[in-house]
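Every read-out reported here was derived from the displayed coordinates using simple, explicitly stated rules and does not represent laboratory data. None of the values given here were measured: they were computed from a predicted structure. Note that each Cβ is placed from the backbone with ideal geometry, even for glycine, and that neighbours are counted across all protein chains shown.
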Amino acid sequence: MTPTLTAAPVLSAPLVVGVAIAYLAALFAVAAFADRRARQGRSVIGSAWIYALSLAVYCTAWTYFGSVGRAATTGVWFLPIYLGPMLAMVLAWVVVRKMVRIAHSYRITSIADFIAARYGKSPLVAAVVTLITVVGIVPYIALQLKAVSSGFAVLTGPAGAAGGAGAAWWQDGTLLVALALAVFTILFGTRHLDSAERHEGMVAAVAAESLVKLAAFLAVGAFVTWGVFDGMADIWARAQTLPGLHDLMRLGGAEGSASFGYAQWFSLTLLSMLSVVLLPRQFQMMVVECVDERHIRRAAWVFPAYLLAINIFVLPLALGGMVLFGAGSASQAETFVLTLPLSQGQTGLALFAFVGGLSAATGMLIVETIAVSTMVCNDLVMPTLLRLGAFRAQAGGDLTGLLLAIRRAAIVGVLLLGYLYFQVAGEAYALVSIGLISFAAVAQFAPALFGGMYWRGATRLGALGGLLGGFLVWAWTLMLPSVAKSGWIGDAFLTHGPFGIAALAPERLFGLAALDNLSHSLFWSLLANVSLYVGLSLWRAPSGREASQALLFVDVFARGRSAADPIFWRGRARPDALMALARRLIGPEAAAQIFAAHAHTAGVADPTADARLVDAVERRIAGAVGAASARVLVAAVAEEEPLGTADVMEILDEASQLRVYARALEEKSRSLEAASAELSDANAQLRTLDELKDDFMSSVTHELRTPLTAIRALSELMVDAPDMEEAQREEFLRIIVAESERLSRLVDQVLDMAKIESGHAEWHAVDVDLAAVVRDAVTATRALAQARGAEIELAAPSTVPPLKADPDRLTQVVLNLISNAAKFVPATGGRIAVQVSADADGVEVRVADNGPGVPDEDRDTIFEKFRQGGDALTRPPGTGLGLPISRRIVDHFGGTMWLEQRQGSGACFAFRLPYRPKKMEETP
Amino acid sequence: MTTAASPSRDGPAHPKVLIADDEPNIVVSLEFMMKREGFEVLVARDGVKALDAIRREHPRLVLLDATMPGMSGFDVCEAVRADAAVSGTCIVMLTAKGRETDMARGVGAGADAYVTKPFSTRDLVQKVKEMLARDSAA
């Protein structure tokens, strides 16, 4: 029941190598695809999912193999490494978003660049950060190499290869792995220089890798939990019987102490919290490669969820391995992910697990070395070359090739250093311990970086002091002991202190022995770091450039990329010199782009044009060579005036005034726009009114001219013919009188209409009995109707409830309706029926006749002005204004007037007035 | 009606004139004027009837009101010009609308003259006579 590791089946080396190479080739294809799409402008990484997955580069081979190992030896101690990042992501929206905004605003490409730019673009700060990174990250790189090569050994050779006959060969194999990865990384990250800004292919490949390693780890975990054992409960139950395993499940101190290890939990959680942002690869993915700040929001829960998922099976794997292989196998637990499937004869699954581990390792190595090589190139090599005057010697030459060469060399160099460390210290320490050394190194960036983002008073001197102090303490208390423990240097100083001074013993500094060595180192290094940082910052005031950069960083959200942003630069620069510089570093096309954009936004008269152009060029160059080197290069081609703190304040003041002006101007232009819109609305309204008036005038003119024509023509004819027959003359005179009457009636009604329409009509609202009004009107028109042979029939109650209205106007309406009806009744037997009825809401009046009725085609227009019904020949003279005026009067008192749809012959006009109108019409 | 192949060949002594207007009192005055000048007078009360009369009676000249119910004077004018049998008819457009756009419309429709109401009876008679004389000479 307890198969030994040596019994595991073995895969052939060429097969494993072939699969690894095929996998890397597939990754490369993903990257090439993403790069091609990016060049076409159809980016594949513009998704919050890809961003979140790319953050999972945090999970390296250390996670993949080391977590199980740590769980097997120390129980739940693997957890803080993942709790930290989860906590950190809670703050991501506040902190990481600010970092992303700063990095994008000032084209920052690495963590060294970020910190150096904050402290006055200091090359020295950049160099220190880079050195700390290189020294701190080398063990971590060694760890990945170790993971890949030992995984390879487990799959292909007898277990415990380190002690076997093939050991020498496999150590050379590690070198081969390092070199192969160097080539691969060079292909990935440094094919062209614009990659200094974004590596879309790399991001896509890393996201793919994150999926692969998660899938592989889950596959192995599921296989062991449900394939080998009978679920988690089964593993748990069987693990209880193992001696010593019980202790692992307690949250006690690591070295068997029974109390809860508060200090260690705290320091591990803090460390991982910091490293998820500060590790060069994390900074690269989280800040530099972030394409959209909004992605951070989703990553804040997807990334922790990923960490949770990849940790689910850590304990089952550790316990299951120990149950299967015996408690003594804990020291080999780091390869459980491979050996467990192998022991069950699942070579395919083991190979998949190896690919997952390879994925984790290569992802980390690629991103880490690209990030570190950028830092080495921009912050160590370039400044040195600048100092040596190397660029002036070959002035005018294109430097992009040189930059690429430096980066490639840096990649090879970093990987070889990792290999070297692997050779020196790799066998002595477990994977997890190696990783923590690196974590503690990058933790030294925290005060300078986070302090710089929120504390304006922090200075370059403080940052330098803090970084160096923290780093030295770290090296003494953590790095050196790790080297010493590997036996490469004597370890006597560990126990007795240097030169026998016990107080300086690296792991018990000043006698502090209560902490484990990691917490101990973290405590002292961060104490030294923060004290020096704060103390030195307070000691001396910042220089002008430091103060200006502090403002740009701390207040990054307060400033958009508007023309009113302050430019902290004074001096004179020749545009052609700037152009030449830009061309050498970023190529002619991109250089021309800067100048075109500048010419577009800045007018010739802009007094700050010089400074703005210089700033644009410097920011752009910073993307290629880093902020510090860019500063030196620009300073070399421009005549600059030194910038004092007072100058900074002055520039800031000018900028804020400018912004006030800009805002006022914007406001004014907005209100002008609104006014102009109002005016144009009013104009359109006037034009419509004008057209209406024009139409009305045209109609009125027409109506006036018609009777005038008859009057004039007949009068002239009578004047010209004095001998006209008497009968003829009489007829003519009768027509003239009738047309004159029509004319004056028309004039009256036009004036009436105009008054009503313009709102100048006088309205008297008194209590009116509509039945009485109608009765009077019928009496008044009875004679007229009889003259046309028509009878009026009135059906009305003696009285109806009173309305508020003008009785004269209502009389006008009723008279108009009755006289209209009288015009259309047949010559004999004409009948006009007038009816009044009251209900709860109002009074209705109907006037019906037995004439020809209103033709269907006229129904819709009967209430329009100058629309007269009937045939002109038979129609009695009218003006075409009676109905429109009547309707407006009814409207005015809140009522309605309409033409009733009737069966049979005759027209029926009706109107209704409410007792309580909803609203009096103000104007018609 | 069958005696003349075309309206212009009617005897100059009693040329046939059509009055097309929907205002009865204006028709009275026009009819009196034309008869006094010795023309043979026809009357139409709307556009459709006017077009019928023109096609049937081939008047030498039409006094055509622009705004009539049914078919406007402009439409009648266009229809006459488009009809080869009567396209040579002289048309005098009478209108109570004095806007330039209305004038343009009348000329566009192909009227020979455009007279605004109210008109001078003497001028109108003069114009009609001249037109008939020119028409006969042609």
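Just a few scattered comments:
- Listed peptides A:271-282, A:752-763, A:722-733, A:695-706 by packing density, highest first (mean Cβ within 10 Å): A:271-282, A:695-706, A:752-763, A:722-733
- Over the range A:293-355, relative contact order from alpha-carbon pairs under 8 Å, at least 6 apart, %: 20
- The range A:310-375 and the range A:60-113: distance between their alpha carbon centers, rounded to Å: 20
- Anisotropy class of the range A:732-802 from Cα gyration tensor, a/c 1.5 cut: oblate
- When the P(r) is computed for the range A:693-752, the part past 13 Å accounts for 64% of the Cα-Cα pairs.
- Counting only other chain Cβ atoms within 10 Å of each residue's Cβ, the peptide A:718-731 averages 1.
- Protection proxy ranking of B:17-24, A:687-694 - average other beta-carbon atoms within 10 Å, highest first: B:17-24, A:687-694
- Residue order for A:379, A:720, A:860, fewest other beta carbons within 10 angstrom first, comes to A:860, A:720, A:379.
- When both the range A:718-758 and the range B:54-97 are represented by their alpha-carbon centers, they are found 28 Å apart.
- Overall form of the range A:31-134 per C-alpha gyration tensor (a/c, 1.5; a/b vs b/c): oblate
- Peptide B:43-53 - average C-beta neighbours from other chains (10 Å radius): 1
- Prolate/oblate/rounded label for the range A:86-143 (Cα gyration tensor, a/c 1.5): oblate
- Residues B:68, A:286, sorted so that the one with the fewest Cβ neighbours within 10 Å comes first: B:68, A:286
- For peptides A:72-82, A:231-241, sequence by mean Cβ density within 10 Å, most packed first: A:72-82, A:231-241
- Charge dipole magnitude, Cβ of K and R +1, D and E -1 - the range A:262-384, Cα centre, debye nearest 20: 240
- Computed FRET value (nearest 0.05) for residue B:134 with residue A:784, which takes r as the C-beta separation and R₀ as 56 Å: 0.65
- Residue A:772/residue A:695 FRET efficiency (R0 30 Å; Cβ-Cβ; nearest 0.05): 0.15
- Extreme residue, positive dipole direction of the range A:687-805, given options A:760, A:796, A:740 (C-beta unit charges): A:796
- Near residue A:896, once Lys and Arg are set to +1 and Asp and Glu to -1 for all other residues with Cβ below 11 Å from its Cβ, the sum equals 0.
- Inter-chain Cβ neighbour average for residues B:109-119, partner chain, 10 Å: 3
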